[in-house]
Amino acid sequence: MSADETNAPDADIDRDGEQILSVEGVGKRFSGLQALDDVDMTVNRGEIIGLIGPNGAGKTTLFNCISGAFPPTSGTVKLDGDVISGLPAHKIARAGLARTFQITRPLEELTVVENAMVGAHIHTRRRSEAREIAMETLEFVGLADKAEEEAGELTVGAQKRLELARAVSTRPEILLLDEIMAGLTPSESKQMLDLFRQLRERGTSLLIIEHDMKAIINISDYVKVLDQGKGIAFGAPETVVEDDRVIEAYIGGFDVDA
Amino acid sequence: MSAIETVRDRYRTFDDQRYAPLVKGVALFGLLAALPTIIEIDVAGMELAALLSLKVLILTVIYAYTAQAWNIMSGYTGQFSFGHAAFFGIGAYATQALVVDAAVNPWIGMLVGGVLAGGYGLIIGALSFRFKLQGHYFALATLAFAELLRFVVTNMSELNGANGYFKAFPRDYGAEYGLVAFQFQNDLPYYYLIVGFLLVVTLVSWVIKNSWVGLYFFAIREDERAAASVGVPSFRYKLIGVAVSAFFTALGGAYWSMYFNTIRPDTVFALFKNVELLLPAVVGGPGTLLGPIVGSFIVTPVSEIARTTFSDINGLDRIIYGAFLVAIVIYSPRGVVSWPSQARALWKRVRGDEEVSE
């Protein structure tokens, strides 16, 4: 398979399920710097897609464009067929797309359960119902015993799980996870991968940025590779990591055809 | 030792009950209602009232009330307002202008003032939040909007310019001294009225804190981007906070204008009024229900007593306000009401260390 073919996601890969997220020709320009350039990709229901690329490739920028932290300068993002690019972040969250942040952003002076309740209130204004949803997700990520602790007091590993719990409490159709495994111990990472699989079984799609290549290959159905703001490859994890352009992007500019 | 622990455990069991907030509220407002009687008790041949007069009590509860109102916006949503004198002054002026110039009942004037202040708050908020003003910049913007009103009102002959308003007699607007007229012939009913005001704004605050609105407010205060990422419409909820806070602050201004004889731009819109309106909440504990009330009982009597005792030292009350502000911001940004829990944490740490060393 040549590099050019892998860059056209749906051309030769037969994927199951309906399309949830579709990124079409998305570009983002920061005064002079083209952070993203004409990126295409799709996520189907129940898929786990890994988003990889060297530092500065534009992975987090793409997350920000999709989740509404800022709008893309060109292209469109669709969720369930509806255009969401240009909408404010809270509306995108209400449309069914939740995200976590690379540097965790706990609501520090609130308790753990209150953090999760903020997300749960998307579905109900009743405090008791929000609390029930929040407790369920805390059980799910394994933080139920810390429910009444202040979020700012948590350890790094627990803060990562809280970050996940807050997003999951919105009961999203698709979750964008930005390096949620960074800084975790090996056993915590294993638990996190387990949570990813359980989320997929519930029908939640996942788009994951992660630097741990082993974890990405292990968990992803497909992998999308970004380099210098451009999509350079898409495909099954084992295929993508052997792709010449991907190796070049990671290792550097020597001539692989020579 | 074990007795203390028993008391603490009993208190925790009580605190978990659903009726706990009600009991605490009744106890607090029962105490406030009893204060005028308490200060008349002789202690070792000296009445407390010599030091803490009913007038000082009224002033204290006024500032507890306005701090509670300020808290809804600045303590809960974290949008620090340094310009609440704008809303306070609007309440005072709307009431007096309608009562004196149009013989309208002050209660109606008060509500008009509340709505006008809410509208002014929405304008300030919409402009500031649209242009993403935060922190100090937002605080300065609110101050500018308050100062703007002071200049405008000072130069408006329709509102008597710098002279302001002198309160009308009840008969001038077809009423008699009493609740309907919003005027009384002695201070005691005034005191109970402002305690009633405080009760209302405290109830409103409690309801907000215990609903999704409060949780959204706090989420915005802690991290607006994180809140938005899970569906909190921060722009709208910040505006709600500003409007509610401005409305209740204006009612405080209306009360002020009906208690004191005169209002002028340099009293109700005064630069320093901005500080007086926010300081009790900051000292007592921003974002808490009890903080504004406790804070006012610390700040207001001390500065009033100092002002009247050392009346030849000009501006002593302001120096004391400044000292309070600096001390609390540096040493205890969570305010006085956080001291018990901080002491408990310290105690736990000290005891924990002992157990380890044993």
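Worth a mention:
- Unmet criterion (only one of (1) over 14 Å from B:Val244 (Cα atoms); (2) part of a helix (DSSP H, G or I); (3) modelled with pLDDT of 95 or more) for B:Thr66: (1)
- Residues considered: A:Ala144, A:Ala134. Of these, the only one that is of a type in the set (Gly, Ala, Ser) and crowded, with 21+ Cβ neighbours inside 10 Å is A:Ala134.
- Residue count for the range B:175-201 under the criterion of being over 19 Å from B:Val100 (Cβ atoms), in contact with a Phe, Trp or Tyr (Cβ under 8 Å, 6 or more places away or on another chain) and surrounded by 15 or more Cβ atoms within 10 Å (Cβ to Cβ): the result is 8.
- B:Phe218 being in a helix (DSSP H, G or I), within 10 Å of chain A (Cβ to nearest Cβ) and in contact (Cβ under 8 Å) with a residue 12 or more places away in the chain: yes
- Here B:Ala86 fulfils each of the conditions (1) farther than 19 Å from B:Gly287 by Cα; (2) outside any helix (DSSP H, G or I) apart from (2).
- Qualifying residue in the range B:239-248 (condition: over 10 Å from B:Thr77 (Cα atoms) and of a type in the set (S, T, N, Q)): yes
- Criterion (modelled with pLDDT of 95 or more and under 17 Å from B:Leu59 (Cα atoms)) met by exactly one of B:Tyr237, B:Tyr216, B:Tyr190: B:Tyr190
- Scope the range A:137-148; condition within 14 Å of another protein chain (Cβ to nearest Cβ) and either small (Gly, Ala, Ser) or over 19 Å from A:Arg202 (Cβ atoms) (or both); matching residues: A:Glu148
- A:Leu51 being under 24 Å from A:Glu18 (Cα atoms), within 14 Å of the chain's Cα centre (by Cα) and more than 10 Å from chain B (Cβ to nearest Cβ): yes
- Annotation note: Cβ proximity below 8 Å between a residue of the range A:60-75 that is touching a residue at least 24 places away in the same chain (Cβ under 8 Å) and a residue that is surrounded by fewer than 18 Cβ atoms within 10 Å (Cβ to Cβ) and in a helix (DSSP H, G or I) (sequence gap 6+ or interchain) occurs for A:Gly68/A:Lys91.
- Only residues that are more than 10 Å from chain A (Cβ to nearest Cβ), surrounded by 17 or more Cβ atoms within 10 Å (Cβ to Cβ) and not basic (Lys, Arg) were counted across the range B:202-215, and they come to 3.
- Filtered residues of the range A:149-174 (kept if within 11 Å of another protein chain (Cβ to nearest Cβ) and touching a strand residue (DSSP E or B) at 6+ places or on another chain (Cβ under 9 Å)): A:Glu150, A:Ala151, A:Glu163, A:Arg166, A:Ala167, A:Val168, A:Ser169, A:Thr170, A:Arg171, A:Pro172
- Exclusive hit being closer than 30 Å to B:Arg236 by Cα and away from chain B (no Cβ under 14 Å), set A:Thr42, A:Thr60, A:Thr76: A:Thr76
- The one condition in (1) touching an Asp or Glu at 6+ places or on another chain (Cβ under 7 Å); (2) away from chain B (no Cβ under 11 Å); (3) at pLDDT 95 or above that A:Ile84 fails to fulfil: (1)
- The listed residue being assigned to a helix (DSSP H, G or I), within 14 Å of chain A (Cβ to nearest Cβ) and not basic (Lys, Arg), out of B:Phe235, B:Phe248, B:Phe197: B:Phe235
- When the criteria are applied in full, B:Val213 meets the requirement of being more than 21 Å from B:Ile90 (Cα to Cα) and assigned to a helix (DSSP H, G or I).
- Residue in the range B:135-146 that is of a type in the set (S, T, N, Q), surrounded by 15 or more Cβ atoms within 10 Å (Cβ to Cβ) and in contact with a Ser or Thr (Cβ under 6 Å, 6 or more places away or on another chain) present: yes
- Looking only at residues in the range B:251-281 that are touching a Lys or Arg at 6+ places or on another chain (Cβ under 7 Å) and in a loop (DSSP other than H, G, I, E, B), the one that is nearest to A:Leu176 (Cα to Cα) is B:Phe269.
- Among the residues of the range A:196-214, those identified as out of contact with any Pro (no Cβ under 7 Å at 6 or more places or on another chain) and surrounded by 19 or more Cβ atoms within 10 Å (Cβ to Cβ) are A:Phe196, A:Leu199, A:Ser205, A:Leu206, A:Leu207, A:Ile208, A:Ile209, A:Glu210.
- Yes/no for A:Ala134 being touching a residue at least 12 places away in the same chain (Cβ under 8 Å), more than 21 Å from A:Glu153 (Cβ to Cβ) and within 11 Å of another protein chain (Cβ to nearest Cβ): no
Rundown of residues vs (1) touching a Phe, Trp or Tyr at 6+ places or on another chain (Cβ under 7 Å); (2) surrounded by fewer than 17 Cβ atoms within 10 Å (Cβ to Cβ); (3) under 28 Å from B:Val152 (Cα atoms); (4) modelled with pLDDT of 95 or more, yes/no style:
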| residue | (1), (2), (3), (4) |
| --- | --- |
| B:Gly241 | yes, no, yes, yes |
| B:Gly253 | yes, no, yes, yes |
| B:Tyr259 | yes, no, yes, yes |
| B:Ala281 | yes, no, no, yes |
| B:Asp317 | no, no, yes, no |
| B:Val337 | no, no, no, no |
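- Among the residues listed as B:Thr288, B:Thr300, the single one being touching a helix residue (DSSP H, G or I) at 6+ places or on another chain (Cβ under 6 Å) and not in a helix (DSSP H, G or I): B:Thr288
- Per-region count, the range B:111-155, residues modelled with pLDDT of 95 or more and part of a loop (DSSP other than H, G, I, E, B): 1
- Within the range A:97-123, being more than 8 Å from chain B (Cβ to nearest Cβ) and without any contact (Cβ under 8 Å) to a residue 12 or more places away in the chain holds for one residue alone: A:Ile103.
- For the range A:156-240, the helices (runs of 4 or more DSSP H) that sit wholly inside it and include 2 or more residues that are in the same structural domain as A:Gly119 (by TED's automatic domain parsing) and touching a Leu at 6+ places or on another chain (Cβ under 9 Å) are A:156-168.
The values are calculated or read from the model by the stated rules, or taken from the named source; none is laboratory data. The structure displayed is predicted, hence computed values, not measured ones. Counting neighbours? That spans all protein chains shown, and the Cβs are built from the backbone with ideal geometry, glycine included.
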